[in-house]
Amino acid sequence: MPDVSPTKWHLAHTTWFFEHFVLEPFLPGYHAFNDRYHFLFNSYYYSAGTMHSRPQRGLLSRPLVSEILQYREYVDEAILGLIQASGENEQIRNRMVLGLHHEQQHQELLLTDIKHVFSMHPDKPAVNPGLLIPAAAATPEHQFISHSGGIAEIGVELESGDFYYDNETPRHQVIIQNHAMGSRLVTNGEYRAFILDRGYGNNGLWLSDGWAVIQQRGWNKPLYWSDDLQKEFTLGGERDIDLNAPVAHVSYYEADAYARWAGCRLPTEAEWELAAKDQPVIGNLMDSEIWHPAVAGEDASQFFGDTWEWTASSYAPYPGFTPLAGSLGEYNGKFMCNQMTIRGGSCVTADKHIRASYRSFFYPDARWQFLGFRLAKDGTDST
Ligand SMILES: [Fe+2]
């Protein structure tokens, strides 16, 4: 699958990130472990040089895993040396912190990518056969929570001391309309009702691009669901679908069509951020090691963890956005076209990686990440 990278590539690429963006500029006399690795493990930084084709990363039978582990050890050692030699150098510190957050992003991709690879194996092997996915007799009743419109502010304060990505800045005003937001994520059972109501056959529910995609690719259910809608592939192998758990691995098009079928819409990213900012950043995230969306607890809003949430907002620069200087300006800014913003992290997002202002993004036809959604609707009618 063109979007999926091999496990060893993720390890080599995150290592390369430290080598290229920390060691080469800041450690005098540093010698690259292998000059060829710059071409193999640069992902998309054109200003840093050319790179191997992403869809063909799966064909990289060399270097061996053992060689990549040696590369990692070599870079780790040099990084430790740099930390000891440089003391409290703010520029180096900022690059290191960015490298660590970058690595957390790849830890998530490592799991979603290997899930896809294993799903293609005829025997459907489990990444973790003992994966424990909690169940519950029912999911909390879905409610709409009213929010008054007006002028509000979203985004990170530029002076904020915590880490943030450039795409979360600058903080700015937005105009919000009266609206109501779903109290939890949409579940497998609710999504199955959409399928059984011939949701995939009713073109009136679909965006034109979405209708074209489901026709061309023959989509009639979420990625990883069996044809009989009874089983789904998980990181613990094939399991029964829990109707009370959040639906995952749907595209933006499918989330949007479901919302229309339900007489609703998806929340905008500003509405989402304003609703989430006062919530504690707790939930079914990577460290809980469930690695699958789980049934909501009685009071859980599910803003953080379980699944990323598609929003109705195109991924675009905030007013006054300035990308990072140099090659790192390619990290986020150049993707601000034709993609949709997603919010809230998933069951395989590191706990310390996510926050209310965090913006990630995918093309509207992407499904291999843990992608789900909640509903919103106009007006303050909370019924
Ligand atoms: Fe990367």
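Each reported figure results from applying straightforward, stated rules to the coordinates on display, with no laboratory input. These figures come from a predicted structure and were not determined experimentally. All Cβ positions, even for glycine, are placed from backbone atoms using ideal geometry, and neighbour counts span all protein chains on display.
Where does the chain land at 222 nm, in deg cm²/dmol rounded to the nearest 500, when only DSSP H runs of n ≥ 4 count, each adding -39500 (n - 2.57), divided by all residues? Could the numbers behind the result be given before it?
Details: 8 runs with 106 residues, N = 383.
Counting only the DSSP helices, I get -9000 deg cm²/dmol.
Using +1 at the Cβ of each Lys and Arg and -1 at the Cβ of each Asp and Glu in region 27-171, identify which of Asn42, Leu80, Gln143 lies farthest towards the dipole's positive end. Comparing the listed Cα positions along the dipole, Asn42 ranks first.
Comparing His52, Leu11, Val65 along the charge dipole axis of region 1-125, the residue lying farthest to the positive side is His52, per the Cβ-charge model. Taking amide H as placed 1.01 Å from N in the peptide plane, the amide H of Ala312 sits under 5 Å from that of Thr268, Glu269, each at least 5 places away or on another chain.
Here the spin labels are modelled as points 7 Å beyond Cα on the Cα-Cβ line, and at Ile151 and Arg93 they lie 3.6 nm apart.
Quick one: plug the Kirkwood hydrodynamic radius of the chain (C-alpha pairs) into Stokes-Einstein at 37 °C, 0.692 mPa s, and report D in µm²/s. Roughly 148 µm²/s, to the nearest whole number. Simple rule: put +1 on each Lys or Arg Cβ and -1 on each Asp or Glu Cβ in region 173-317, find the dipole, and look at Leu205, Phe233, Phe303; the Cα lying farthest toward the positive end is Leu205. By how many degrees, 0 to 90 and rounded to 10, does the Cα axis of helix 208-217 deviate from the longest principal axis of the chain? So the inclination is approximately 80 degrees. Over region 174-323, the fraction of Cα-Cα pairs per 10 Å bin, rounded to whole percents and listed from the shortest bin up, is 10, 36, 36, 17, 2.
Around Ser327, with a cut-off of 12 angstrom between Cβ atoms, what is the net charge of the other residues, counting Lys and Arg +1 and Asp and Glu -1?
On the way: positive: Arg95, Lys334; negative: Glu24, Glu330.
Charge balance in the 12 Å sphere: 0.
Could you work out how far helix 252-261 tilts from the main Cα principal axis of the chain, as a 0 to 90 degree angle to the nearest 10? Roughly 10 degrees, rounded to the nearest 10.
Starting from region 50-149, pick out the GluC sites (Glu not before Pro) whose DSSP state is loop and whose Cβ has at most 13 other Cβ atoms within 10 Å. Display every interim value, and only then the final one.
Values: sites: Glu67, Glu73, Glu77, Glu88, Glu90, Glu103, Glu108, Glu141; in loops: Glu88, Glu141.
Sites meeting the loop and neighbour criteria: Glu88, Glu141.
When only alpha carbons are used to place a centre, region 241-288 and region 122-151 end up 9 Å from one another.
With the simple model of a label 7 Å out from the Cα in the direction of the Cβ, Asp240 to Phe163 spans 4.1 nm.
Basic side chains Lys and Arg get +1 at the Cβ, acidic Asp and Glu get -1 at the Cβ, and with that the dipole of the chain about its Cα centre reaches some 880 debye. Cβ-Cβ distance of Arg198 and Phe39, R₀ of 41 Å, FRET efficiency by 1/(1 + (r/R0)^6): the value works out to about 0.25. For region 33-109, trypsin sites (Lys or Arg not before Pro) are listed when DSSP marks them as loop and at most 12 other Cβ atoms sit within 10 Å of their Cβ; the list is Arg36.
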